[in-house]
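The block underneath contains the structure these notes are about, expressed in structure tokens.
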Amino acid sequence: MASCASSRIIPADLSYTQLIQMGQDEYEIGNYKAAEEYYSAVIQRFGMNTNVYIEATYELGHLYLNRKDYERAFAKFNEIIELYETAEFGVLPASFKKLSQLGIDRIPEKFKPGYN
């Protein structure tokens, strides 16, 4: 029965903004697994919208960075930057590109691919 508590049921009728907010709320109280589940639900349910995908992916990168899971953080931030490189100028909100670069800058060099 204990394993049932490890995965939460996320109501299907929640908007992506509600899920992001719930992830942020869980993150703030230190419930990182729940936060990750909410952000992942956003990607699964609404990921076909590139702007939503980028926001949820950034939240995951931010979570991983602050947990010192640098490899996963780098992967998420780098993925976002690569999306900007192929997108038409002005289509994506500029803030997440800048925030992702700032996140990468906070990752120790030894955890960045090609920096060994």
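The values are calculated or read from the model by the stated rules, or taken from the named source; none is laboratory data. Bear in mind that the values here come from a model prediction, so they are computed numbers and not experimental data. Ideal geometry is used to build each Cβ from the backbone, glycine not excepted, and the neighbour counts take in all protein chains shown. Each accessible area value is taken on the protein alone, full model and side chains, heavy atoms only, with ligands, DNA and RNA left out. Shrake-Rupley method; radii C 1.70, N 1.55, O 1.52, S 1.80 Å.
Per residue, the chain exposes 62 Å² of accessible surface when a 1.4 Å probe is rolled over the protein heavy atoms with every protein chain present. Each stretch of four or more DSSP H residues adds -39500 (n - 2.57); spread over every residue of the chain, this sum gives -21000 deg cm²/dmol at 222 nm. Counting charges near Tyr38 (Lys, Arg +1; Asp, Glu -1) among other residues having Cβ under 11 Å from its Cβ returns a value of -2. Simple rule: put +1 on each Lys or Arg Cβ and -1 on each Asp or Glu Cβ in the chain, find the dipole, and look at Gly30, Thr17, Asn51; the Cα lying farthest toward the positive end is Gly30. With +1 on each Lys and Arg Cβ and -1 on each Asp and Glu Cβ, how big is the dipole of the chain about its Cα centre, in debye rounded to the nearest 20? For this selection, approximately 280 debye.
The order of Arg45, Arg72 by accessible area, most exposed first and with a 1.4 Å probe, is Arg72, Arg45.
For segment 75-116, applying the loop criterion from DSSP together with a ceiling of 16 other beta carbons within 10 Å to the GluC sites (Glu not before Pro) yields Glu88.
Count Lys and Arg as plus one, Asp and Glu as minus one, and take only other residues whose Cβ is under 13 Å from that of Tyr70; the net charge is then +3.
Can you give me the C-alpha center-to-center distance between segment 54-116 and segment 23-45, rounded to a whole angstrom? Value for the Cα centre distance between the two parts: 17 Å.
Taking 18 Å as the cut-off for C-alpha to C-alpha distance, list the pairs among Lys76/Lys98; Lys76/Lys97; Lys68/Lys98 that go past it.
On the way: Lys76/Lys98 13 Å; Lys76/Lys97 11 Å; Lys68/Lys98 20 Å.
Too far apart for the 18 Å limit: Lys68/Lys98.
Whenever you get a sec, compute what percent of the accessible area on segment 11-116 sits on carbon and sulfur atoms (1.4 Å probe). Ligands and nucleic acids excluded, carbon and sulfur give 51 percent.
Remark: spin-label model distance Ile9-Met48 equals 2.6 nm, labels positioned 7 Å along the Cα→Cβ axis.
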